[in-house]
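First the structure, in the form of structure tokens, and then the observations on it.
Where a number appears in this text, it was derived from the coordinates with a stated rule and is not lab data. Keep in mind that what you see is a predicted model, and the values were worked out from it rather than measured. Cβ sites come from the backbone with ideal geometry, for glycine too, and all protein chains shown count toward neighbours.
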Amino acid sequence: MNEQLQPVMDWLEAHIGGNLHIRKLEQGDLDEIKLKLEQKGIHDDHSHMFDDYTGGPVLYLRGEGWIIQPSGTEVPLPQDTYLIPVRELKQAHIDGHTMSVETERARYDITDA
């Protein structure tokens, strides 16, 4: 495991059972998710290896979640798992109730809600 991921895993472990607000900024596009975190982990994902999106190690966050649409309405996540590709992790920063994870493709700001 990348040494930068251990504090991320520890922070997430402390928030199991809690609600997270995830903001993902990728190429000017902002996605927002609410997730009741039930489980977290890292595994190798080969399901998207041909489109180069999540091939390789991913941080998975499992629990009931909702997509927050730009209008503010919430739609259930299609699956109970949210993936963050960490193959090209640039940095991770934790500041109390907020954690930021930056990869080559995106920045994820995760706040305990």
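Report ³J(HN,Hα) in whole Hz for each residue of the range 80-85, in order, from the Karplus equation J = 6.51 cos²θ - 1.76 cosθ + 1.60 where θ = phi - 60°; Gly and Pro get x.
Here the 3J(HN,Hα) series is 8, 10, 10, 10, 10, x Hz.
Once you have the Cα-Cα distance between Q39 and L25, take 0.36 nm times their residue separation minus that, and quote the gain in nm to one decimal.
Additional length available on full extension: 2.7 nm.
Taking θ = phi - 60°, what integer Hz values does the Karplus form 6.51 cos²θ - 1.76 cosθ + 1.60 yield along the range 18-35, in sequence order, with x for Gly and Pro?
Each residue's phi maps through the Karplus curve to give x, 9, 10, 10, 10, 10, 10, 10, 9, 6, x, 9, 10, 10, 10, 9, 10, 9 Hz.
Ordered by residue, what ³J(HN,Hα) values in Hz, to whole numbers, does the range 64-79 give under the Karplus form 6.51 cos²θ - 1.76 cosθ + 1.60, where θ = phi - 60° and Gly and Pro are x?
Couplings: 6, x, 9, 8, 8, 7, x, 6, x, 6, 10, 10, x, 4, x, 10 Hz.
At 0.36 nm per residue, minus the direct Cα-Cα distance, what do E64 and K90 gain on full extension? Give it in nm, one decimal, please.
Gain in length upon complete extension: 6.6 nm.
What does the charge count around H15 come to, taking other residues whose C-beta lies under 11 Å from its C-beta (Lys +1, Arg +1, Asp -1, Glu -1)?
With Lys, Arg at +1 and Asp, Glu at -1, the neighbours total -2.
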